[in-house]
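The values are calculated or read from the model by the stated rules, or taken from the named source; none is laboratory data. Just so we're clear, the structure is a prediction, and the values are computed from it rather than from any experiment. Neighbour counts run over all protein chains shown; Cβ positions are idealised from the backbone, glycine included. Surface areas here come from the heavy atoms of the whole protein model, side chains and all, with no ligands, DNA or RNA. Shrake-Rupley method; radii C 1.70, N 1.55, O 1.52, S 1.80 Å.
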Amino acid sequence: MRMPRRGLVIQARTRWLLVGLALLFSLVLLMYLLECAPQTDGNGSLPGVVGESMGKEYYQALLQEQEEHYQNRATSLKRQIAQLKQELQEMSDKLKSLQEKKSPKVNGMNYQGTKEQTSNDLLEFLHSQIDKAEVSVGAKLPSEYGVIPFESFTSMKVFQLEMGLTRHPEEKPVRKDKRDELVEVIEAGLEVINNPDEEDGQDEDDGVGDRQLYSENDFVEGYYRTERDKGTQYELFYKKMDGMEYRHVTLFRPFGPLMKVKSETVDISRSIINVIVPLAGRTEAFAQFMQNFRDVCIHQDKRVHLTVVYFGQDGLSEVKSILESVARETDFNNYTLVSLNEEFNRGRGLDMGARAWEKGEVLMFFCDVDVYFTAEFLNSCRLNAEPGKKVFYPVVFSLYNPAIVYANQDVPPPVEQQLVHKKDSGFWRDFGFGMTCQYRTDFLTVGGFDLEVKGWGGEDVHLYRKYLHGELMVIRTPVPGLFHLWHEKHCADELTPEQYRMCIQSKAMNEASHSHLGMLVFRDEIEAHLRKQAYRTNSEAVG
């Protein structure tokens, strides 16, 4: 009896699908064995400076870091294998459906059609969560208290705002689920970059050999935040060591599997930053600022213009001399000095600095003379501001009074050695909005600063609220390469009650950590205790 043609077709499809499943499973098993195999390269030396004597603690820390890396990698591979097994199961289910001659009906509807409809409804819901979240466009917010800030992270550390009394401003993820989450996100971003869709702008004819593949070592930094009724947003940046082109991937987890939002290439090689610094007096602090500017902007970055807006005549000649000296020694002439013979007003100074630029569109960094920044921060500034779309409000790490932090030393260490993210050395200045990166057209479009605000504080909050009330995205996150150096504050009697309260609050929070302030408050009690202890020890010795 001859077999019907339909049976032959189904039987042929069945054989090919089984062969495909077997090959796929074998490939996954081979990848797993290769990833888990020990390294056999001939370089058995540990990283470090040649000839440097390293202690036991260093090697233990290094071994622990390597062990964590391989554990994370093994966990990731196990998760991928589990996902592939799930896909195999789904393919098996499809195979069974092909073998069925006739699908059963459910209420007059094909069962497979019902399943596909449910899947489509779920996918539509997940995409609607992305559309509702503040991912592609900004949301209008009533005040700065409505902003959900990002937390930033690298492959090994997380920089967090919410610390309480036990957590630290810079930490390795302690919880395993948090470590796994960040590893998964970084690898998902790599998958998007290395296997682009048509919508990512990659040419279909480009083979894998023609594309530059990225790895975990190319991950630079990332930001994430969670909207509790929608999901978690991830902004990821990758860069090859020898290039200036970044790959930017946005992912969103709408309380379900990760979903790609966009993938793009960001070229910042020609992006000029106009660093604007308002100033009155404080020439010693300006000389220190220019040393940092020379090292970072002139010698490393080389794509920066400096605008100094100076108020008054006292100290003006010294500021000119410092700028001219740096220009002679480094052949740097990309600076502008604006002189205003009036009382200091930070908002007016920044506004004048923005309007003094006459070369069209430019990215501006509103800065203060007490701020120390790195070359990495300048790139973060370029990556997180976009004309007509988003402005960048980084959270500065504010250093405490070094005389208190390093009270057990004869003199505080140099500034460069104070730049650490520790609980007793400083805090994330999440109530400050003065340091910001934004494009000149966006600044002028929202109307700039409120020039009616006089003296210290308030002008930066007003500008921040203007952006919150508009449609631009506000990127708010702590960044590791931006520090506010401690300096003594003076709260003038001429300030309004609100300004004076803000000034005193800032002064108190800038002085020392919770524990150090406690030691100062209870200093007399501690000294009395030490005297009693010494007296008791001496009495026992005499007796």
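Here is how the numbers come out for the structure above:
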quantity: Helices (runs of 4 or more DSSP H) enclosed by the range 393-467 - at least 3 residues per element that are under 14 Å from residue 354 (Cβ atoms), in contact (Cβ under 8 Å) with a residue 12 or more places away in the chain and more than 22 Å from the chain's Cα centre (by Cα); calculated: 440-445
quantity: Residue list for the range 355-369, filter: open to solvent by 30 Å² or more (accessible area, probe 1.4 Å), of a type in the set (A, V, I, L, M, F, W, C) and part of a loop (DSSP other than H, G, I, E, B); calculated: 357
quantity: Flag if residue 308 is open to solvent by less than 20 Å² (accessible area, probe 1.4 Å), at pLDDT 95 or above, farther than 30 Å from residue 468 by Cα and not in a loop (DSSP other than H, G, I, E, B); calculated: no
quantity: Residue match in the range 255-269 (condition: open to solvent by less than 10 Å² (accessible area, probe 1.4 Å), of a type in the set (A, V, I, L, M, F, W, C) and either closer than 30 Å to residue 339 by Cα or at pLDDT below 95 (or both)); calculated: yes
quantity: Residues located in the range 370-392, provided they are within 21 Å of residue 277 (Cα to Cα) and part of a loop (DSSP other than H, G, I, E, B); calculated: 370, 374, 384, 385
quantity: Tally, over the range 70-89, of residues that are open to solvent by 80 Å² or more (accessible area, probe 1.4 Å) and either at pLDDT 70 or above or under 19 Å from residue 176 (Cα atoms) (or both); calculated: 7
quantity: Any hit, the range 335-354, residues being of a type in the set (Phe, Trp, Tyr), part of a loop (DSSP other than H, G, I, E, B) and within 31 Å of the chain's Cα centre (by Cα); calculated: no
quantity: Residue identified as at pLDDT 85 or above, open to solvent by 20 Å² or more (accessible area, probe 1.4 Å), among the charged types (D, E, K, R) and part of a helix (DSSP H, G or I) among 471, 540, 525; calculated: 525
quantity: Failed criterion for residue 299 (all others in (1) open to solvent by 10 Å² or more (accessible area, probe 1.4 Å); (2) assigned to a strand (DSSP E or B); (3) under 30 Å from residue 221 (Cα atoms); (4) free of Cβ contacts under 8 Å to residues at least 60 places away in the same chain hold); calculated: (2)
quantity: Among residues of the range 482-504, those that are open to solvent by less than 30 Å² (accessible area, probe 1.4 Å), in a loop (DSSP other than H, G, I, E, B) and in contact (Cβ under 8 Å) with a residue 60 or more places away in the chain, counted; calculated: 1
quantity: Residue 284 being out of contact with any helix residue (DSSP H, G or I) (no Cβ under 9 Å at 6 or more places or on another chain), without any contact (Cβ under 8 Å) to a residue 12 or more places away in the chain, among the acidic types (Asp, Glu) and open to solvent by 30 Å² or more (accessible area, probe 1.4 Å); calculated: yes
quantity: Filter pass, residue 275 being buried (at least 16 other Cβ atoms within 10 Å of the Cβ) and at pLDDT below 95; calculated: no
quantity: Odd one out for residue 390, checked against (1) closer than 27 Å to residue 219 by Cβ; (2) open to solvent by 50 Å² or more (accessible area, probe 1.4 Å); (3) of a type in the set (Lys, Arg); calculated: (2)
